[in-house]
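Participant: Have a look at this one before I ask anything.
The values are calculated or read from the model by the stated rules, or taken from the named source; none is laboratory data. These figures come from a predicted structure and were not determined experimentally. Note that we place each Cβ from the backbone using ideal geometry, even for glycine, and neighbour counts take in every protein chain shown. Surface areas here come from the heavy atoms of the whole protein model, side chains and all, with no ligands, DNA or RNA. Shrake-Rupley method; radii C 1.70, N 1.55, O 1.52, S 1.80 Å.
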Amino acid sequence: MRSFRLTSLATAILLATAVIGVNPSQSAAVGGDQFVALANAKRASEGKPPVSLSAAVDQISVERANAMAASDNFAHDLPYVERRLRELGQCFSGYGEIIAWERGYPSQSYQRTVDGWWASPGHHAIIAGDYNAAGGSWTLSGATNKLYSVMIFVKLCSAPAPTPPPSGGLPKLPELLNLPLSPPPALGRR
């Protein structure tokens, strides 16, 4: 019976991984809400209106961070961003991507990353640009231990759709599968 439960749990985890499209050996990219909040604070310091966290733009940021970490290739991919915006049905008149990689820090820091972008004239121009939506993400390359961060800013044709819950990682397995999780039976002494 115990073997069946462990096998069922392992099958559920693999199913959940397949359903949400995550490679179990790679961390999921996260952090769009934190990146956007910090970018909005920088924008406010120059009298610029805030950008909204867009689910579609955030998803593309997640994809970009994961792609850079998986390939260990630190490079812009603007054709990919444009193609994904179109595939996700976004009407837009402009967009910009900013990327960063770090290694050697004990943990990821949204503030350190955004401050670094803000200090760079090209990145600063994108953060402060004429955009109304954004998304952001970071992920860790398991192979090189590099942190890859991405923010994408977009000028959508209309106001962005309501923001999804914060991109704080993957849903818990019971929520994903809508299954109750009960604790394993107590093991008695024999």
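Participant: If a residue has to be touching a Phe, Trp or Tyr at 6+ places or on another chain (Cβ under 6 Å), modelled with pLDDT under 95 and open to solvent by 10 Å² or more (accessible area, probe 1.4 Å) to count, how many in the range 35-68 make the cut?
Facilitator: So the answer is 0.
Participant: Taking the condition of being more than 20 Å from Ala55 (Cα to Cα), open to solvent by less than 70 Å² (accessible area, probe 1.4 Å), of a type in the set (A, V, I, L, M) and in a helix (DSSP H, G or I), how many residues in the range 69-113 meet it?
Facilitator: 1
One line per residue, one yes/no per condition, for (1) under 20 Å from Ala44 (Cβ atoms); (2) modelled with pLDDT under 95:
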site: Phe92; (1), (2): no, no
site: Glu102; (1), (2): no, yes
site: Trp117; (1), (2): yes, no
site: His124; (1), (2): yes, no
site: Thr144; (1), (2): no, yes
